[in-house]
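Below is one structure, written out as structure tokens, with a few remarks after it.
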Amino acid sequence: MTGNKMAEILLVEDNPTDVELTLRALKKSKLANPVRVVDDGAEALDFLFGEGTFAGRDTSQHPRLILLDLKLPKVNGREVLQRIKGDERTRIIPVVVLTSSREEQDVVESYRLGVNSYIVKPIDFDQFVEAVSQVGLYWMIINHPPI
């Protein structure tokens, strides 16, 4: 991203409760970055690649971080991850899988496809807030992305 425009966080999550908890956790950690929420994998891909309802969007303006659930309608999280990491335009965007799946196959496949981090959503609200806060702080403040 260039200039003074704030980088976005793209949250790809179909569960409204998890969306609300994630937004509250990011706010609690005092991250002021705008968050774009999409509720299925097809919408995430449309947003990233300027297609469908996002046709004409300036696709050179990428989010600085993608928080991705695996269990999504229309296009699942693995397919979204594969498209993101398989395309030169979006490959460098950090993707953090934030999911309830503890299945080893999901973990291994996500890393094989190029995920930057895999986090299992804690059941406890305070632990969830802490996990999302740490993810947000690391990727949005501590990590130094390429320009």
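The numbers here are math on the coordinates, done by the rules we state, and not lab data. All values derive from a computational prediction rather than experimental measurement. As a convention, Cβ positions derive from the backbone with ideal geometry for all residues, glycine included, and neighbour counts pool all protein chains shown.
Dipole magnitude of the chain about its Cα centre, charges +1 at Lys/Arg Cβ and -1 at Asp/Glu Cβ only, in debye to the nearest 20?
That gives the chain a dipole magnitude of about 540 debye.
Work through the residues other than Thr22 whose Cβ is under 11 Å from its Cβ and net out their charges, Lys, Arg +1 and Asp, Glu -1.
Counting the neighbours of Thr22, the net charge comes to 0.
How would you classify the stretch 23-142 from its alpha-carbon gyration tensor, with a ≥ b ≥ c the square roots of the eigenvalues: rounded for a/c under 1.5, else prolate if a/b is greater than b/c, otherwise oblate?
Oblate.
Need the C-alpha centroid separation for the stretch 40-60 versus the stretch 86-133, integer Å.
Spelled out, the Cα-based centre of one part sits 21 Å from the other.
Rank Phe54, Ser133, Gly77 by how far each Cα sits towards the positive end of the charge dipole of the stretch 23-142 (+1 on Lys, Arg Cβ; -1 on Asp, Glu Cβ) and give me just the farthest.
Sorting the options by dipole projection puts first Ser133.
Run the numbers on the stretch 29-100 and let me know its relative contact order in percent, using alpha-carbon pairs under 8 Å that are six or more apart.
Reported relative contact order: 32 percent.
From the helices alone, meaning DSSP H stretches of at least four residues, give me the mean residue ellipticity at 222 nm for the chain, per-run term -39500 (n - 2.57), in deg cm²/dmol to the nearest 500.
It comes out at -11000 deg cm²/dmol, rounded to the nearest 500.
Ignoring GluC sites (Glu not before Pro) that are buried or in helix or strand per DSSP, and keeping those with at most 15 other beta carbon atoms within 10 Å, what is the longest stretch of the chain between them?
1-50
Normalised by the empirical 2.2 N^0.38 Å for globular proteins, what value does the Cα Rg of the stretch 78-147 take?
On the way: Rg = 13.0 Å, N = 70, 2.2 N^0.38 = 11.1 Å.
Rg over 2.2 N^0.38 Å, computed on Cα atoms: 1.18.
How large is the Kirkwood hydrodynamic radius of the stretch 15-78, counting all unique pairs of alpha carbons, in Å? Could the numbers behind the result be given before it?
On the way: mean 1/r = 0.0778 Å⁻¹.
Kirkwood radius, the stretch 15-78: 12.9 Å.
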